[in-house]
Structures are given as structure tokens and as C-alpha cells.
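Here the structure comes first, spelled out in C-alpha cells, and everything after it is commentary.
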Amino acid sequence: MIVDICAGVDRANIERAQEGLDMSEPMKKPDRGGSQAISKSLAKPDTTTQAGQVLEALERQPMSAAELQWGLRIAHAPAAVRDLRKKGYSIVTEWHPHPSRPGKRVKRYRLLESK
């Protein structure tokens, strides 16, 4: 089995050489951009997607996961927020007083920058 794995690596190197790639240079890592790329420009998600609907709602006001799920009729608001964060949107989670239960709190998502 080890021989097969090594043979696969050798085949990959042979294919790279046949394609005319320089084997003496190490492969370059893709530029991930880091925080600089995030702050420059973000493509706005399609408003027909759950992430796009959540983004539009958070541009208006902070909302809890329950408010997003009930108001927008989406399956799982935290997943949509996670997807937006992965795309580079700055969304923070903050504690707010519960609207109908004194002494209780709810977490609400808030968009820091509107793009």
C-alpha cells in the first residue's frame, strides 16, 4: 500500500513535468487575503438565499436567531450567520434584555459594517 501511495506521488510529479511546470520551484500557496481583502469589498449574497435574507434583516436592526427564523421563515439562522461571517461580514453577537420576560436576556446578531 505504501508503494501505491508513493507511485501516485511520482505520477503526479511526472504529470506536472509533462505539463511543462518547473519542478525545481516549490508550489505557491494561494493568497487568502486575510483581513485586508475582507475590508475592501464583499459581494452581496443573493436575496433569495437564506444568507441574503439574514444580511438584509441585519442591515435594518439587530435580531435574535428566533426572530430571524420566525420572521424570515428560514431553517437555521445561526448557519446563515456563520456563512456570512465566513464570507467576511462582521457580525457580532450581543446580549439584549428579553422583550417579554423581565430579568432574562437574549442574544442578538448585529452587523457592524453595512457593505
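Going by the conditions given, is Thr93 among the polar types (S, T, N, Q), surrounded by 12 or more Cβ atoms within 10 Å (Cβ to Cβ) and outside any helix (DSSP H, G or I)?
For Thr93, the condition - among the polar types (S, T, N, Q), surrounded by 12 or more Cβ atoms within 10 Å (Cβ to Cβ) and outside any helix (DSSP H, G or I) - is met.
If the Cβ limit is 9 Å and pairs must be 6+ apart or interchain, which residue in the range 88-109 that is small (Gly, Ala, Ser) pairs with which residue that is at pLDDT 95 or above and part of a strand (DSSP E or B)?
Within 9 Å, the pairs are Ser90/Leu111.
Taking the range 49-64 only, how many residues are outside any helix (DSSP H, G or I) and within 17 Å of the chain's Cα centre (by Cα)?
1
Just to verify a result, which residue in the range 32-53, among those that are hydroxyl-bearing (Ser, Thr, Tyr) and within 12 Å of Lys87 (Cα to Cα), is modelled with the lowest pLDDT?
Applying the filter and picking the extreme gives Ser39.
Say we look at the range 57-78 and pick out the residues that are loosely packed, with under 14 Cβ neighbours inside 10 Å and hydrophobic (A, V, I, L, M, F, W, C); which of these is nearest to Asp46 (Cα to Cα)?
The residue in question is Ala75.
For the range 55-66, which residues satisfy the criterion of being within 21 Å of Arg105 (Cβ to Cβ) and touching a residue at least 40 places away in the same chain (Cβ under 8 Å)?
Leu58, Pro62, Met63, Ser64, Ala65, Ala66, listed by residue number.
Does Val106 satisfy the condition of being modelled with pLDDT under 95, of a type in the set (A, V, I, L, M) and surrounded by 13 or more Cβ atoms within 10 Å (Cβ to Cβ)?
yes
The values are calculated or read from the model by the stated rules, or taken from the named source; none is laboratory data. Please read all numbers here as calculations on a predicted model, not as lab measurements. Please note: Cβ atoms are built from the backbone with ideal geometry, for glycine as well, and neighbour counts cover all protein chains shown.
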